[in-house]
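Engineer: My structure is below; once you've seen it, I'll send some questions.
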Amino acid sequence: MRRAILALLAAAPGLIAQAPALILPEASPRATVSQKVGLTDMKVTYNRPAVKGRQVWGGLVPYGAVWRAGANENTVVTFSTPVTVGGTTLPSGRYGLHMLPTASEWTVIFSSQSHGWGSFSYDPKEDLMRVKVTPVAAEPMERLAYTFDDPTDKAVTLSLRWEKLRVPIPLEVDTKQVVVASLRDQVRGLGQFFPEIWSAAAGWCARNDVNLDEAMTWADHSLAMKETFGGLRVKAALLDKKGDAKGAETLRAKALGIATEVEVNQAGYGLLGQKKVDEAIALFQKNVKDHPASWNVYDSLAEAYALKGDKAQAISNYRRAFEMVKAEDQRARIQEELAKLK
């Protein structure tokens, strides 16, 4: 077989122009870094050159010239939703990232062209945004790197780090509107057949004080499918937001009339998460009254009293829970809680 292949190559040298290239390590290896902010996915794909003892700024990377912000092909940044950069909104999409460095201030460039090789074919007419940023001194970094720093649910700083410099690029997302748009899609999917999905979408809007009118229609749709404890409480929360305290109280009372032990307990912990300790205690007290044979209702009430700072009531209810519970892990946990309160 080998002789046949060699004979074929000798007889027809024009059939193969050149030998296939070997796959070898790159001098500036390709890398990807990503971050989720709220529901927004952000990603940077780039190549990582090394310092190798060279003067980087004003040398290897000249001042006053557009630079590829990496090595080899374009550095590419992608956003799954619109983002705000330096006060200007950039639509979702894929962008070529270039930078124009100077000794004191840099210009960050987002280009519509993301498939070029470096900045050699860069065309300013393809710029979608230019943002001025100020570089800062940083810990030494041999190979260029991008990092997403200090992420929150609505903002993050994208940083280029190389040599002894960090170039920060602040990014912001209107996370509430992004989530609302996502919820609109989700309630049209398979979830549309479940009342819990509609009430959960409405509940998120109520907790975040956004899109309240549409959320009310979602809550009504959920209740039209089935009246549930959660659905009634969500609509009550929306009525509170709209100033109808009487209507909200009526729905909460109705919700308590159909609630299970677990539902009341979950609602109580939800209130604790919102720092509404007294309201949570009222719910846990109802559970104690309605389900006196459950150790868990005393345990939850004790936790709420502990958060309120009422040690006597916390100790009393923890002891009642301890007397009733059989699981050793829960008994050990309750003993630890009692020890903290002494």
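Engineer: Pull up segment 106-115, narrow it to residues that are outside any strand (DSSP E or B) and either within 27 Å of the chain's Cα centre (by Cα) or modelled with pLDDT of 95 or more (or both), then point me to the one that is surrounded by the most Cβ atoms within 10 Å (Cβ to Cβ).
Structural biologist: Ser114
Engineer: Report the residue count in segment 251-262 for those that are touching a residue at least 12 places away in the same chain (Cβ under 8 Å) and either open to solvent by 60 Å² or more (accessible area, probe 1.4 Å) or aromatic (Phe, Trp, Tyr) (or both).
Structural biologist: Residues that pass the stated criteria total 3.
Engineer: Sticking with this structure for a sec: Please specify each residue of segment 257-272 satisfying the condition of being polar (S, T, N, Q) and part of a loop (DSSP other than H, G, I, E, B).
Structural biologist: Across segment 257-272, the qualifying residue is only Thr260.
Engineer: Give the number of residues within segment 200-211 that are open to solvent by less than 30 Å² (accessible area, probe 1.4 Å) and either small (Gly, Ala, Ser) or not in a helix (DSSP H, G or I) (or both).
Structural biologist: Residues in segment 200-211 being open to solvent by less than 30 Å² (accessible area, probe 1.4 Å) and either small (Gly, Ala, Ser) or not in a helix (DSSP H, G or I) (or both): 5 in total.
Engineer: Now, a different point. Within segment 273-290, which residues are open to solvent by 50 Å² or more (accessible area, probe 1.4 Å) and part of a helix (DSSP H, G or I)?
Structural biologist: Gly273, Asp278, Glu279, Ala282, Gln285, Lys286, Lys289, Asp290
Engineer: Could you please tell me which pairs satisfy a Cβ distance under 8 Å, a separation of 6+ or placement on different chains, a first residue in segment 187-199 that is without any contact (Cβ under 8 Å) to a residue 40 or more places away in the chain and assigned to a helix (DSSP H, G or I), and a second residue that is among the β-branched types (Val, Ile, Thr) and open to solvent by less than 30 Å² (accessible area, probe 1.4 Å)?
Structural biologist: Qualifying pairs under 8 Å: Pro195/Thr228; Glu196/Thr228; Ile197/Val187; Trp198/Val187; Ser199/Thr228; Ser199/Val234.
Engineer: Let me ask something else. Restricting attention to segment 212-249, which residues are in a helix (DSSP H, G or I), small (Gly, Ala, Ser) and open to solvent by 30 Å² or more (accessible area, probe 1.4 Å)?
Structural biologist: Ala224, Gly230, Ala237, Ala245
Engineer: Report the residue count in segment 54-80 for those that are free of Cβ contacts under 8 Å to residues at least 60 places away in the same chain, buried (at least 17 other Cβ atoms within 10 Å of the Cβ) and outside any strand (DSSP E or B).
Structural biologist: Matching residues across segment 54-80 total 5.
Engineer: I've got another one for you. Within segment 171-197, count every residue that is open to solvent by 30 Å² or more (accessible area, probe 1.4 Å) and in contact with a Phe, Trp or Tyr (Cβ under 8 Å, 6 or more places away or on another chain).
Structural biologist: The number of residues fulfilling the criteria is 1.
Engineer: Further question: Quick test of your reading of the structure: Ala103 fulfils all but one of (1) in contact with a strand residue (DSSP E or B) (Cβ under 9 Å, 6 or more places away or on another chain); (2) closer than 19 Å to Thr32 by Cα; (3) at pLDDT below 95. Name the failing condition by number.
Structural biologist: (2)
Engineer: Moving on. Which count do you get for residues in segment 287-299 that are over 21 Å from Arg333 (Cβ atoms) and under 36 Å from the mean Cα position of the chain (by Cα)?
Structural biologist: The total comes to 0.
Engineer: What residue, of Gly96, Gly118, is surrounded by 16 or more Cβ atoms within 10 Å (Cβ to Cβ) and in contact (Cβ under 8 Å) with a residue 40 or more places away in the chain?
Structural biologist: None of the other options fit; the residue is Gly118.
Engineer: All but one of (1) within 25 Å of Thr88 (Cα to Cα); (2) at pLDDT 95 or above; (3) crowded, with 18+ Cβ neighbours inside 10 Å; (4) not β-branched (Val, Ile, Thr) hold for Leu144; state the number of the condition that does not hold.
Structural biologist: Answer for Leu144: the failing condition is (1).
Engineer: Moving to a separate point now. In segment 268-279, how many residues are touching a helix residue (DSSP H, G or I) at 6+ places or on another chain (Cβ under 6 Å), under 17 Å from Gly203 (Cβ atoms) and not charged (D, E, K, R)?
Structural biologist: The total comes to 3.
Engineer: Answer yes if at least one residue in segment 149-159 is open to solvent by 40 Å² or more (accessible area, probe 1.4 Å) and over 30 Å from Gly203 (Cβ atoms), and no otherwise.
Structural biologist: There is no residue in segment 149-159 that is open to solvent by 40 Å² or more (accessible area, probe 1.4 Å) and over 30 Å from Gly203 (Cβ atoms).
The values are calculated or read from the model by the stated rules, or taken from the named source; none is laboratory data. What you see is a predicted model, and the numbers here were worked out from it, not measured in a lab. We place every Cβ from the backbone using ideal geometry, glycine too, and count neighbours over all the protein chains shown. Accessible surface areas use protein heavy atoms only, side chains included; no ligands, DNA or RNA. Shrake-Rupley method; radii C 1.70, N 1.55, O 1.52, S 1.80 Å.
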